[in-house]
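The values are calculated or read from the model by the stated rules, or taken from the named source; none is laboratory data. Computed from a predicted model, the values in this text were never measured in an experiment. Please note: Cβ atoms are built from the backbone with ideal geometry, for glycine as well, and neighbour counts cover all protein chains shown. All accessible areas refer to the heavy atoms of the entire protein, side chains included, with ligands and DNA or RNA removed. Shrake-Rupley method; radii C 1.70, N 1.55, O 1.52, S 1.80 Å.
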Amino acid sequence: MLIFLYNLLTAYLIPGMMLAFGICLFFLTIPDKEGLKNYVFARKVMGATFLVYCGALICETFSQQSLVGDLLNSMIVIAIGITQAFLFTYSLIALLDISFFTKRAAFNETMVVAASIAVAFVLFAVCPQDSRQYVFYVFSLFYMLLMARYVALFRRYYKHYRQLVDNYFSDDEHQRLHWVPVAFYSAFGVGIIALLFAWMITTLTQLLFMLTAMTYYSVFAVRFMNYVYIFPKIKEPLEDTICEDTDTEVLPTDTSDDSAASEDDRMLMEEIERLVREKALYKTQDLSIANVATLCGKSHRVISTAINHCRGINFKTYINEYRVAEAARLIENGWLRHHTLEALASETGFAGRVNLYRAFKRKTGVSPTDWETKDIQ
């Protein structure tokens, strides 16, 4: 029964599903393509990922060989895992920074992956039967090291983008991006399961692994295709912000450097603070640094630099300091006796009660309700 279910999955259901999703990822209509080049590119790479997996399953079906007890098939599982790890990592990073996936970088990484797989299988073929297991051990180790490298690479770019988002939006817009690390680490988990499967191939583990992979790939494909309606919002910080070399730090830190502030920075900072106070810009929900830049007649990069040099904080922290101060003032005046925290959040410009709570506690060390109690006492 297990063999029948496994054959049904690998011969018909999963290849058909992968083929369908791959075609959709490639050809499903994407609105406003000019404004979504990162997403379009990443989706095409992901479409290739699905088609590669589909092809691997079809080849396995036509081989008419059982996986059980076959060391060669364990090597094939590792090879597929390496290919999938490469494509998943590069497509998700390309979603954050399309400049990362240059032709040269893509070619170099493809050659490393292809060469490592080719060398492993050549060695496996020429080695004596009783020595092939050592080739498999080394190949598995290489797979683990490669996955560790990809995790470090993804963390670096994701952290970089989080900094950009926090310096562009006044609220926690990075939550819109939350799906990307979830997708990446879920794929990493599937890769670990693939490694365990390669080491313990049985009929039961075959079935469990295929079901896990099918579930993950299905959820991922549907979510990735629907991401087109979320990505236009979070792509804004990428425009004119990411430099070509991500080793070059252009992001704000949390350490002020007044010596780095020029006279122009100080004058601009005075204008920014005047606008924020007089127009109560901090009360504007969904405020971005682009809004402030438009009022000042400057680029958001210049505004960011002035805030960083003069205040040593990013844009979100800067605006939230005003919001928290206003929230504290309203609480002291008895606002919460007649209004809810949700109303207080709306009044002070926060996107919601959770955003207010986090920012208030981070700044004051206590929650808004505790601040009210403190004030009463």
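Between residue 41 and residue 103, what is the spin-label point distance in nm, taking each point 7 Å from the Cα along the Cα→C-beta axis?
Each label point is offset 7 Å from its Cα along the Cβ direction, giving 1.3 nm.
Which shape class applies to region 327-377: rounded if a/c is under 1.5, otherwise prolate when a/b exceeds b/c and oblate if not, where a ≥ b ≥ c are the square roots of the Cα gyration tensor eigenvalues? Please list the in-between numbers first.
Details: a/c = 2.04, a/b = 1.17, b/c = 1.74.
Oblate shape, in that a/c is at least 1.5 and b/c is the bigger or equal ratio.
So what's the net charge close to residue 154: Lys and Arg +1, Asp and Glu -1, counting the other residues with Cβ under 15 Å from its Cβ?
Net local charge, residue 154 excluded: +3.
Just the accessible area per residue of region 114-173, please: how many Å² with a 1.4 Å probe? Each step should come with its number before you reach the end.
Values: 2990 Å² over 60 residues.
About 50 Å² of surface per residue is accessible.
Answer rounded, prolate or oblate for region 149-232, using the Cα gyration tensor with square roots of eigenvalues a ≥ b ≥ c: rounded when a/c is under 1.5, else prolate when a/b is larger than b/c, else oblate. List each step's numbers first, then the result.
Numbers: a/c = 4.56, a/b = 2.01, b/c = 2.26.
Oblate shape, in that a/c is at least 1.5 and b/c is the bigger or equal ratio.
Using a Förster distance of 51 angstrom, determine the FRET efficiency expected from the C-beta separation of residue 214 and residue 262, and round it to 0.05.
0.30
Between residue 115 and residue 144, how many nm apart are label points set 7 Å from Cα along the C-beta direction?
In this crude spin-label approximation the distance works out to 2.4 nm.
How high is the FRET efficiency between residue 156 and residue 338 when r is their beta carbon distance and R₀ equals 51 Å, given to the nearest 0.05?
On the way: r = 48 Å, r/R0 = 0.94.
Between residue 156 and residue 338 the formula returns 0.60.
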